[in-house]
Structures are given as structure tokens and as C-alpha cells.
Amino acid sequence: MPHTDGDVAAMLETIGAKHLDDLIAHVPANLRASAAIDLERGCSEADVVREISALADRNTGASGFVSFLGGGYYRHYVPAAVRAVIARAEFATSYTPYQAEASQGTTQAIFEFQTLITQLSAMEVANASMYDGASAAAEAVLMARRLMPKRHVVALSRALWPDYRATIRTYLSAQHGIEIVEVPFDDVTGATDIAALDRIANERLLCTVTGYPNALGIIEPLGSIAETAHRAGALAISATAEGIALGLIRAPGELGVDIAVGEGQSFGLPLQFGGPGVGFMASRTTHLRQMPGRLVGQTRDRDGRRAFCLTLNTREQHIRRERATSNICTNHSLCALAATVYLSLMGRSGLRELAERNVELAHRAADVLEASGIKRRFSGPFFNEFTLKLANPMAALEAAERRQILAGIALAPDYPELSDALLVSVTEMNRGDEFGPLAAAIAEVR
Amino acid sequence: MASAGRIRTIASDETPSAQERNEPVSGVPLIFELSSEGRRGTDQSPRAAGDRSGAELLGAELCREDLPGFPELSEPQVLRHFLRLSQLNFAQALQFYPLGSCTMKYNPVVNDELASLAGLAGLHPAMPAHLAQGALELIARMEAALAEITGMDAVSLHPAAGAQGELTGLLMVRAYHRKRGEVRHKVIIPDTAHGTNPASCTLAGFEVIVAKSNRRGYLEAAEVRRLVSDDVAAMMVTNPNTLGIFEQEIQEIAAALHERGAMLYLDGANMNALLGVAKPGHMGADIVQLNLHKSFSTPHGGGGPGAGPVAVRKHLEPYLPLPRLTHSSAGYEFDSERPDSIGRMRAYHNNFGMIVRAYAYILALGGDGLGMASRLAILGANYVRTRLQPHFPSATGEPSMHECVLSHDLEKRAGVSTLEIAKRLLDFGIHPPTIYFPLVVPGALMIEPTETESKEILDSFVEAMERIYDEALNDPERVKNAPQTLPVSRVDEALAARRPILRWEKPPLP
């Protein structure tokens, strides 16, 4: 705080007060009397660094382990240039770009983000970002509800991440008359059971929500799922947690999806213990008016030059108040910027090659495990994550941890029916020579 | 003609491309316009012999053909592009940013460094608890610190933003009443409320009743008593309210609500006035949400990410969102077995990166420093208000807290609007205040200087405002044509809405 004693005195004199506390004398006395904050006294920057670094050092899992953790957040290399851009105070310490003339940097970057997301998803419009993939999925269901208010049944694939399903349930808990149905996955392939979906595909069905790839690592037959939904007049929503996959697998828009959402953490954001990430949402132009969140549009300034600004904000809370499409005020703008820089750096060929490297490494890992007699639980196609069938996944995790390996995520806590399953994620951060020790550790307890 | 924008001085004799037809490019071309087919920005590790392609592994029918239109640039081009964009922005680190209700205080740079420590940034959210005890303890300490600061009993750091914190709080109110076998449909909101309040109510399934503030700008307990009924679930109150004044009857309002079984939800958007001054828990609040990007100094990021923790009294603790942090002899771990919880609002635990920054801020200031921060924020607002009183009188005669709402007569005297005043401030290198808000003050200018701006800065702001006042009377065109010194002149927002262009499209081949 920059105030010298002299400044404070001069400012008080201008106001006509004697003491700082005179300025709060009107606050009820009983509140003031008990307001002191009982925390340690302030300290130096060096002390703060020491304190937080000591906490960081106690996160022993963050270094020294070979990791195969995924399940919704993925380990990818973050190019230094991404960090260099988002560290710029011009971006990091600006506000939501209400004053367009003073925010052309932020608004243009968001416009570029929107464009990149439409290209990745093969959709027509994308918003300026959401909080994360799970809340974006929940907002997508609410958007579907606004588009078709007379339909009531929301079909969630059981192979959608547990956090996503739980978030959707919370967001819908206050919506009148909504019924949530979980569509099972096929016990052999790990893909959503389309026959089961077909049985509830009628005039009451509002939408389907499908992970792509799903929580078991499987690349879902999204086209057939969308077709089934459309036959009943319902909307198809896809959710992608591993964005890198979209560099290789067919885009949701090509497969008939109506609203494509996802998590953009893979695009240049650190793991950071699960947040902040960045949600994305893309859809068709015909659904634009019911889309939640900020949008940036291209326009002109008074001199005819191209310019960008927030637009279509009559959908939003600060204008429409209780009739708004959502209560969301901000996006995760700085995270969306990181994704924009990341995708620009990767580029058309780089993103494809990275995706190819992920899929190749993951399949090589699966082959090495298979050669040691460790089988996959599901037969469906996978991108960079797959599920193993193990007699005792917890014991395997412990054995691997003793060898400084984090072998994956046991699915049993979220899927009691999968007490035999371990989810293993392989990215470009893994090396081929890590797969042998992984197989050896797991084989030890099999 | 992608080359047109690369060098700003290119003459106008070039033929514009389809994309640019009638739309001259301003300073920085779009990243897509800088692309050259075949150029690359990154190198992947070389492919090994025997590596199989995606199409071989998955089958061609699962693979897309290409990423049409995706950028193709070198790393230096990408870096230059985004650094140029950065130069088109106003930012707190560069400019005075007295945006009311947004608390644009200095964001200590060390906090960004701390969040990037490998032990924090590199931690996977599915990390077993025993390998992440430092992070879990940081979360526990932050929960305890916010409980102490707010005078509440329990805290969840789960919500991703203030607006999500609001929704979280309202869903908890709903769950609480339902558990007691009551279905209440209404929430009272004052006419001065932020727009998120009514929007959150709708999402939480409540109908909004508007409470009128009195002529002095305060809410009266009598008005609350008039509106409250057995069908009212809660009232959302921002304190200080959006006029920047402290609700004098807040304790009576809480009592009036509690008498009828309704909750007091305190919107903590203006917490920067209250640190060490008055605790929401002592006012009678049952729930308060905090915006860590405001009072607790995490960077606003051009519109997020923030974090919106909720703090509650004991009786609401069972309803807090999942997961909950617990502590036992084995250490800290997350627990999702809470049958009464409203559930999850997002994936994983919280916006941990923002929690780290805010915790570092709280450590640095300490209990005493936080109390001083609010006092100096209040000093700044009252100083600006006093100095501007002759030209821009306060919209209320009541004492201001950390922000002041001013009005003016320039619309009447010179036909100059608040928007035009705001745009003219940009030419002085000052980000304008929040304008036309609260809605109850016509042409409002809502000014929140924060405690991290010096007296000299506040003085120069006052001088700029005085000069604009004179200009409006003597040379109104100068104000109406502002800004003149920015990368673009006045942006046509109506055009953007009338004819939405929301993405770049590859221009058709000539």
C-alpha cells in the first residue's frame, strides 16, 4: 500500500476527518468491535515464499514419479511461449473487456479462441469459454432445455466422467420436471449402449450427453448416438476432456452433434491440482440465441477499421437479470488465452502430430502390458487412455507406487461394477522405456 | 492478402481480400491471416521406426482428414502476434482502473510465481492424498482464514467464480428448506443488486421479489418485514450495497428474515470494504460468497479465472458442495460421502491456482494488514468523492465505504453522456469507472479506487475528471469523439450485435 503518513493525513484533512476510523464510525459499533481479524501478522515476501514453498515440497507426488494419471485432466508439455504470453500483465491484470476501445488485445484473442474452437469441433459458433468441462456440460443441458422446453428426459451416458454427471445433476436439481436417465455402457466394448439409448429415444427425450473419448478411454460411436437422438427429435451433446484427441479423431460437428463442450486444460494449462481449467462450448448458428456465456464479435470503429467487442449481451445477466440465459459473468479468459496461444503454436500439422504421438504411445503401452499378460478391460477403440482388467487394482497401484510409478486411477470408487478396472493414461510426457517397469509392477501382484 | 497487416505502413493501393472487403484491418491481423501453408511452430519428438499412424491404429473412419483453417506460423510469429495484442489492452498493472464493484487492486507478482511452483502447478488432481498433503493443508488453512475473516463457521473453496458461488449458496438454501420439509419459492433482492443475483435465483429455481431501497439508498428492515413470508427462502443483500454505503439495518434485516425462517445471503462482492471493519457472520448472514479476484488480489485475467468460495454458518455446513476436506490421524483427504450436500458444481476440487495466490496474499498482509487495506480503500473512495463533489456530486448524502457513486449534470447542460465521459477518460490513460450502475442512479459513475493506488494517482484522476467537465461545456465534440488516442476509435457495438460475426472464416479463393 503506497500511502505515506503524510498522504493519509492530507487525504483525511481534505475529507474533514481526523482518524481513519472516523470514516467507518457509521458502521454499527457492535460490528466494529468484533471485526478484528485474528490471523498472524503480515510478513515479508521472502517469508511468504518460504511458507508456500514448504507446502509445495510436501506434495511428494508432483515430482520423482513416473505418472499415468489422467481421467479428465491430462499431462501435456506446456511450451514456454504459452507461459510467456499469459504472464504478460497487459493480459493478466485487465478486466472483462467492457470498454472495447481499451481491450482490443483481449477481445481479438477471444475472437481467435472462438474461431479455433469452431475449427476443432467443426461447429459454427463457439463462446468465449466456460469455467471447466463439467460446468460447460451442465450449461449445455440447460441450453438444450431452453431450445426444447417441452422435453424432460436427459440421457447421460454412464461412461461420461463421474464429475461431469454429478455437476449436471446439481445444475439441474432446481429445474422443474427434469428426469435424468443413465444410459449404461456395453460391458464388452466400453462404449455407450446404443440399444439402451434407443429404448428411451422418444418424444420425451431432451438430449444425450456423451464423453468423446469417454471416461473409460473409449472413442464413442458418436455419429450413431447423435443419429439415435435425432430420430427422436432430441439434441446430441458431446463432452471432450482430452482436447488433443480432436487433432486426430473426427470432429463432433462432422458426426452430427448439436452442442460440443469440453475441457481445454490439455491446451497449455498446468495440472494445478485440478483448476483453473477452461471449458469450451460450440454449437450451430441456429442455437446461438440460447447459448450461455460471453461472445466476442467483429465490428468496426468510427473510422471504419476492424475492431472487436463483446456482443449479443442481451442474453446476459447484467441486461436481462432474471431472464438471462445463465448467471455466468466471466469466462476463464486467461486460460482461454493460453489455449489460443497453445493451439496457434501447435498449428495445423503440429496438433495432428501430437495427437498421433499420443495414440501411438498409448497403444505401445497397451501392447507391452498385453505381452506381460495384462489385458484391457474393454475392446473399443481408444485414444491415449485405456482401462486394464486387474484382479486387484488397489494392490497394483500400491506395488507401482513402491517403484515410483503412479500407474493410473482405480475406477471402483465411481463405478462399483468395475472393481477390476484401472484407467491408464499415456501422453507425450511418457517415454517408451516406462512401459516395461509399469508392466512389471502390475504383474507383481496379479 | 494475408501480408497486408504484417507491416502497418503498407499503402492503400493493395487490393483488399474478400475477408477484408470494406473492413480495413486495424493494427494487428488475425492469427489466421498470418498463416502460411506448411509453416510450423513446434517440433515433436521424431517418429521412431515402427510407429503406427492414427489411421492404422484406429481405422481411417474414426479419423478426421485435416484441421482446415488452423494456424500455420513459426514460434516467433506467434509470440510477436500475442505480444502485439497485449499492447492494445488497458490493465491494472499499467493504468489506474477505478472500476466500481470490481476491486482492481494490485496483483502481487510473487503470487503468480508461487502458483507456478512445480509442487503446486504439476500436481495432478487424481494424486493420492498422501502424496499431496501440502496442497491439502494449504486448502485447509485457506478455509480457516476465510472463516476467520468472514466470521462464519465453515468454508468451501469449490465454486469456480463469484457467480457460481451465488448459485452454490442458493442451491444450499433450497436444500436446507427441503430437508426441513418446506418448499419456499421466493428470494428477495434489493433494487440496487448486481445483475448476477436475479440470474442466479432463476437458475436455482427461485422467483425474485424486488425490495425497494429508501430515498437515502438504504434497505429498511420495515420493507423486508413487509415482503418476507413463509414462501421466502432467502434474501440476497450486497453490503456495502452498490451505492457503496453500509446497510445500517443489516442486523435487523437478518432478524426479520430469521423470524420467518428465511436465510440472509450476503453477496461478498464488496468485501474489500469489510476486512477488519465488520464481519458478515456478525451481521447475521447465513451464507456469504467471496470473490478471490477482488479483495484477495488474484489477477482478473481479462475476465477470469477467479474463484468464488462460500462461507456458511453451522446449520448450512451439511449442504456445502462436494468434495469436503477432512482431517484425521492419517492426514488430510477429500470426502464425498455427505448425503445432504448439494453435490458438485464443477470437476475436481477448486480453482487451486487462484487459492494459492489468494492464500499468499493473506499471509503477506496478515490480519492487521487486511484491516488496513479496507481502511485505506475507504479513505481513497471518500477522498475522490470529496474532491469531485463540486462537479460530480455523490448520488447519496450518506458516508461512502470503499467506492462512491457519482452523478453529473452534463447530459442536461451540454448533452454529454456518462458513456462519453467514460470514453474520454481513456484518452487520459485512465480506465473508466463502472457506468450506468447501480440502475437506481441515472447516468451513474461508480468509482472504486482501491487501497493500492497512491494519492498522486487519485489526484491526477480528479484533475482528468475536472478537465473533462470543462471540455464537456466548452468543447463537447472533443468528449463525444473520444477516444482519439487508442488503437481504435469508438467501437460500433450496435453493428456487432445486428450482424454477428463471431469467428474468422477462410476467404473464398478469388
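Please tell me if B:D43 is closer than 18 Å to A:S349 by Cβ, among the acidic types (D, E) and either touching a helix residue (DSSP H, G or I) at 6+ places or on another chain (Cβ under 7 Å) or modelled with pLDDT of 95 or more (or both). So B:D43 does not fit the description; no.
Exactly one residue among A:R151, A:R158, A:R169 is of a type in the set (K, R) and either surrounded by 24 or more Cβ atoms within 10 Å (Cβ to Cβ) or over 22 Å from the mean Cα position of the chain (by Cα) (or both), and that residue is A:R151.
Residues satisfying the criterion are absent from region B:346-360 (criterion: within 11 Å of another protein chain (Cβ to nearest Cβ) and over 22 Å from the mean Cα position of the chain (by Cα)). Looking at the structure I just gave you, is B:V405 more than 14 Å from chain A (Cβ to nearest Cβ), surrounded by 17 or more Cβ atoms within 10 Å (Cβ to Cβ) and not in a helix (DSSP H, G or I)? Considered against the rule, which asks whether it is more than 14 Å from chain A (Cβ to nearest Cβ), surrounded by 17 or more Cβ atoms within 10 Å (Cβ to Cβ) and not in a helix (DSSP H, G or I), B:V405 comes out as yes.
One residue stands out among those in region B:434-448 that are under 14 Å from B:N241 (Cα atoms) and either at pLDDT 90 or above or buried (at least 19 other Cβ atoms within 10 Å of the Cβ) (or both): the one that is farthest from the chain's Cα centre (by Cα), which is B:V441. If you check B:V155, B:V183 for being at pLDDT 95 or above and of a type in the set (A, V, I, L, M), only one passes: B:V155.
Among the residues here, A:D163 qualifies as within 24 Å of A:A410 (Cα to Cα) and either at pLDDT below 95 or within 15 Å of the chain's Cα centre (by Cα) (or both).
With respect to B:A262, determine if the residue is more than 25 Å from the chain's Cα centre (by Cα), surrounded by 24 or more Cβ atoms within 10 Å (Cβ to Cβ), modelled with pLDDT of 95 or more and of a type in the set (G, A, S). For B:A262, the condition - more than 25 Å from the chain's Cα centre (by Cα), surrounded by 24 or more Cβ atoms within 10 Å (Cβ to Cβ), modelled with pLDDT of 95 or more and of a type in the set (G, A, S) - is met. For region A:103-150, the set of residues classified as out of contact with any strand residue (DSSP E or B) (no Cβ under 7 Å at 6 or more places or on another chain), over 30 Å from B:H349 (Cβ atoms), within 7 Å of another protein chain (Cβ to nearest Cβ) and not polar (S, T, N, Q) consists of A:E112 only.
Every residue, every condition in (1) within 11 Å of another protein chain (Cβ to nearest Cβ); (2) in contact with a helix residue (DSSP H, G or I) (Cβ under 7 Å, 6 or more places away or on another chain), yes or no:
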{"position": "A:A174", "(1), (2)": "yes, yes"}
{"position": "A:V183", "(1), (2)": "no, yes"}
{"position": "A:G190", "(1), (2)": "no, no"}
{"position": "A:N202", "(1), (2)": "no, no"}
{"position": "A:V209", "(1), (2)": "no, yes"}
{"position": "A:P213", "(1), (2)": "yes, yes"}
{"position": "A:G217", "(1), (2)": "no, no"}
{"position": "A:L222", "(1), (2)": "yes, yes"}
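Considering A:I442, A:I374, the condition of being part of a loop (DSSP other than H, G, I, E, B) and more than 19 Å from A:A241 (Cα to Cα) is satisfied by A:I374 alone.
To keep it simple, each residue is scored yes or no on (1) part of a strand (DSSP E or B); (2) surrounded by fewer than 24 Cβ atoms within 10 Å (Cβ to Cβ).
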site	(1), (2)
A:A336	no, no
A:A362	no, no
A:A366	no, yes
A:F386	yes, no
A:A395	no, yes
A:A399	no, yes
A:L438	no, no
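Residues that are within 14 Å of chain A (Cβ to nearest Cβ) and farther than 15 Å from B:L425 by Cα within region B:455-486 comprise B:K455, B:E456, listed in sequence order.
Take B:H293 and decide whether it is assigned to a loop (DSSP other than H, G, I, E, B), touching a helix residue (DSSP H, G or I) at 6+ places or on another chain (Cβ under 8 Å) and within 18 Å of B:L170 (Cα to Cα). It is false that B:H293 is assigned to a loop (DSSP other than H, G, I, E, B), touching a helix residue (DSSP H, G or I) at 6+ places or on another chain (Cβ under 8 Å) and within 18 Å of B:L170 (Cα to Cα).
For (1) buried (at least 19 other Cβ atoms within 10 Å of the Cβ); (2) within 7 Å of chain B (Cβ to nearest Cβ); (3) farther than 25 Å from B:L365 by Cβ, each residue gets a yes or a no:
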site: A:S53; (1), (2), (3): no, yes, no
site: A:A56; (1), (2), (3): yes, yes, no
site: A:A62; (1), (2), (3): yes, yes, yes
site: A:G70; (1), (2), (3): yes, no, yes
site: A:Y73; (1), (2), (3): yes, yes, yes
site: A:A80; (1), (2), (3): no, no, yes
site: A:R83; (1), (2), (3): no, no, yes
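Restricting B:A364, B:A381, B:A373, B:A358 to those that are assigned to a helix (DSSP H, G or I), at pLDDT 95 or above and in contact with a Phe, Trp or Tyr (Cβ under 8 Å, 6 or more places away or on another chain) reduces the list to B:A358.
From the list B:S394, B:S417, B:S460, the lone residue that is surrounded by fewer than 20 Cβ atoms within 10 Å (Cβ to Cβ), outside the structural domain of B:I189 (by TED's automatic domain parsing) and in contact with a helix residue (DSSP H, G or I) (Cβ under 9 Å, 6 or more places away or on another chain) is B:S417.
Residue-level analysis places A:A307 among those that are facing another protein chain (nearest Cβ under 7 Å), over 17 Å from the mean Cα position of the chain (by Cα) and crowded, with 24+ Cβ neighbours inside 10 Å.
Selection of first residues in region B:220-245 that are within 17 Å of B:P198 (Cβ to Cβ) and of second residues that are in a strand (DSSP E or B) and acidic (D, E), restricted to Cβ pairs under 8 Å at least 6 apart or on distinct chains, gives the following pairs, ordered by first then second residue: B:M236/B:D267; B:V237/B:D267; B:T238/B:D267.
Restricting attention to region A:258-288 and to residues that are at the interface with chain B (Cβ under 10 Å from one of its Cβ atoms) and not in a loop (DSSP other than H, G, I, E, B), the residue that is surrounded by the most Cβ atoms within 10 Å (Cβ to Cβ) turns out to be A:G279.
Results for (1) within 19 Å of B:A91 (Cα to Cα); (2) over 28 Å from the mean Cα position of the chain (by Cα); (3) modelled with pLDDT of 95 or more, shown as yes or no for each residue.
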position	(1), (2), (3)
B:R385	no, no, yes
B:P399	no, no, yes
B:D409	no, yes, yes
B:A422	yes, no, yes
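The set of residues in region B:43-92 being facing chain A (nearest Cβ under 7 Å), closer than 30 Å to A:L222 by Cβ and not in a loop (DSSP other than H, G, I, E, B) consists of B:G54, B:L57, B:L58, B:L62, B:C63.
The values are calculated or read from the model by the stated rules, or taken from the named source; none is laboratory data. The structure displayed is predicted, hence computed values, not measured ones. Quick reminder, even Gly has a Cβ in these numbers, built from the backbone with ideal geometry, and neighbours come from all protein chains shown.
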